[in-house]
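S.K.: Okay, here's the structure, questions in a sec.
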Amino acid sequence: MTQTPVLAVLGPTAAGKSALSMALAKALPVEIVCMDSMQIYQGMDIGTAKPGPEERLQVAHHMLDVVGPKESFSVSQYADMARPILEDIGSRGKLPLLVGGTGLYLKALTQGLPLGGVAGSQEVRDRLHAIARQEGGPLILHAMLREADPASAQKLHPNDLRRVIRALEVYEATGKPISRQDEPAGESGFRFGLLGTAMRREVLYERINRRVEEMAAQGLEEEVRGLLARGVTRDCQSMQGIGYKEWIPVLEGAAARADALERIKRNTRHYAKRQLTWFKAVQDVHWLDMEQPQAAARALEFAGEFWVAAQGEAAPPQGKGT
RNA sequence: GCCUUGGUAGCUCAGUCGGUAGAGCAGUAGACUGAAAAUCUACGUGUCGGUGGUUCGAUUCCGCCCCAAGGCA
């Protein structure tokens, strides 16, 4: 079977991914698939810099607004939903374009991760968190993990509660250490072309600061207020989004607006840094210097070649496998 | 003009009863397999405002100067 070609635009937040993808859409038969862990939520538009009606009118967008803001969502669900969409777009003779900055989502798609094989269980997590809160709790959990899954324990720092607990959870639910499921599932059925947006750090940070100010001017505070009014609470996954969680203390009268804005800027910078670390480690990314005026042209060149090659591959009468 | 209190890492500050100094934040690097905009790890040399003096030795004590904030005139 031939692999569906998928182009992806990745990079840190505020580095111009959306604009670039719109430019690509003008030249190629592209449909955009969101690869962002917050833009999937309904009602979170300003703070996630979600593509608006104009963009969506020009190009078909998928995977936006697919989850209610009170619901939780996981990488696994993302991959399960996105894969058929990518295939469908490909089968209609178009080029799926993944756009977003969530590295784990990309990895799940490119490498077909087993992801532990079981969904998270709130009960198990609550129970393990209770242990974590005890004196020396993190070390107790880590010792438990060493017992159940020495390989994972070796890789994880005791303070990385999130992962220690997940590893224990998987072991408890499946009887199999998560470390033994770490092998990628193999063939993903897709053939990826990766474009990365890069620029000097100082320039990126300046863009981030400016963007946060713009979001505030567009009514971010109102957006958050509205979500809370609709019953979204601080423990909802959606409220972990940067630009959202920082407003809660303000709305409770416990913090000043200016401080919230500064915190949003700082958290966004930290986030961008983490994204950069993640994407730097991804193989075969075609990086674009977004400060260069010809960045879009070079992206188009790459995307065009990718698209032509993919079609050449699909066209021959006898597909010769690889 | 006088008095007081400050001037130590990019920022906020601690400290050295005289042996050239350390936290938080920022920043940098990294990890990441069903919460990932999450979670976690590592990294701290700077004319201790300037200049004279005392001293074996001063960022620390003393004098003078500069700057800032407050007070008195």
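The values are calculated or read from the model by the stated rules, or taken from the named source; none is laboratory data. Being a predicted model, the structure only gives us computed values, none of them experimental. Cβ sites come from the backbone with ideal geometry, for glycine too, and all protein chains shown count toward neighbours. Ligands, DNA and RNA are excluded from the accessible area calculation, which covers all protein heavy atoms including side chains. Shrake-Rupley method; radii C 1.70, N 1.55, O 1.52, S 1.80 Å.
S.K.: Tell me, which helices (runs of 4 or more DSSP H) wholly within the stretch A:125-202 include 3 or more residues that are out of contact with any strand residue (DSSP E or B) (no Cβ under 7 Å at 6 or more places or on another chain) and farther than 24 Å from residue A:282 by Cα? I'd like the intermediate steps shown before the answer.
M.R.: Working: elements: A:137-148, A:150-155, A:161-174.
Output list reads A:137-148, A:161-174.
S.K.: Also, I was wondering about something else. I'd like to check something: does the stretch A:197-207 contain any residue that is buried (at least 20 other Cβ atoms within 10 Å of the Cβ), under 18 Å from the mean Cα position of the chain (by Cα) and within 30 Å of residue A:87 (Cα to Cα)?
M.R.: Just the residues of the stretch A:197-207 that are buried (at least 20 other Cβ atoms within 10 Å of the Cβ), to begin with: A:197-199, A:204.
Pick out the ones that are also under 18 Å from the mean Cα position of the chain (by Cα) and you get A:197-198.
Subsequent filtering for residues that are within 30 Å of residue A:87 (Cα to Cα) retains A:197-198.
Scanning the stretch A:197-207 turns up at least one residue that is buried (at least 20 other Cβ atoms within 10 Å of the Cβ), under 18 Å from the mean Cα position of the chain (by Cα) and within 30 Å of residue A:87 (Cα to Cα).
S.K.: Could I ask something else about it? Would you call residue A:86 away from RNA strand B (no atom under 13 Å from the Cβ), part of a helix (DSSP H, G or I) and aliphatic (A, V, I, L, M)?
M.R.: Working: away from RNA strand B (no atom under 13 Å from the Cβ): yes; part of a helix (DSSP H, G or I): yes; aliphatic (A, V, I, L, M): yes.
Yes; evaluated as a whole, the condition is true for this residue.
S.K.: Applying the selection to the stretch A:1-17, what residues are within 15 Å of RNA strand B (Cβ to nearest atom), on the phi < 0 side of the Ramachandran plot and open to solvent by less than 20 Å² (accessible area, probe 1.4 Å)?
M.R.: Start the filter on the stretch A:1-17 by keeping residues that are within 15 Å of RNA strand B (Cβ to nearest atom), which leaves A:8-17.
Keeping just the survivors that are on the phi < 0 side of the Ramachandran plot gives A:8-10, A:12-13, A:15, A:17.
Hits for the stretch A:1-17 are A:8, A:9, A:10, A:12, A:15.
S.K.: Does residue A:158 satisfy being within 11 Å of RNA strand B (Cβ to nearest atom) and free of Cβ contacts under 8 Å to residues at least 40 places away in the same chain?
M.R.: Values: within 11 Å of RNA strand B (Cβ to nearest atom): yes; free of Cβ contacts under 8 Å to residues at least 40 places away in the same chain: yes.
So residue A:158 passes the test.
S.K.: Is there a residue being within 27 Å of residue A:285 (Cα to Cα), in a helix (DSSP H, G or I) and away from RNA strand B (no atom under 13 Å from the Cβ) anywhere in the stretch A:90-103? Outline the logic, then answer.
M.R.: Our first condition is that a residue be within 27 Å of residue A:285 (Cα to Cα); within the stretch A:90-103, this holds for A:90-103.
Now narrow it down to the ones that are in a helix (DSSP H, G or I): A:90-91, A:103.
Right, trim to away from RNA strand B (no atom under 13 Å from the Cβ) and you get A:90-91.
Taking every residue of the stretch A:90-103 in turn, at least one turns out to be within 27 Å of residue A:285 (Cα to Cα), in a helix (DSSP H, G or I) and away from RNA strand B (no atom under 13 Å from the Cβ).
S.K.: While we're on this one: Residue A:48 passes all but one of (1) assigned to a loop (DSSP other than H, G, I, E, B); (2) touching a Ser or Thr at 6+ places or on another chain (Cβ under 9 Å); (3) not small (Gly, Ala, Ser); which number fails?
M.R.: Going through the list (1) assigned to a loop (DSSP other than H, G, I, E, B); (2) touching a Ser or Thr at 6+ places or on another chain (Cβ under 9 Å); (3) not small (Gly, Ala, Ser), residue A:48 breaks only (2).
S.K.: Looking at A:64, A:20, A:24, A:57 in this structure, which one is outside any strand (DSSP E or B), among the hydrophobic types (A, V, I, L, M, F, W, C), within 16 Å of RNA strand B (Cβ to nearest atom) and closer than 25 Å to residue A:307 by Cα? Walk me through how you get there before you give the answer.
M.R.: On the way: A:20 fails: within 16 Å of RNA strand B (Cβ to nearest atom); A:24 fails: within 16 Å of RNA strand B (Cβ to nearest atom); A:57 fails: within 16 Å of RNA strand B (Cβ to nearest atom).
Testing whether each residue is outside any strand (DSSP E or B), among the hydrophobic types (A, V, I, L, M, F, W, C), within 16 Å of RNA strand B (Cβ to nearest atom) and closer than 25 Å to residue A:307 by Cα leaves just A:64.
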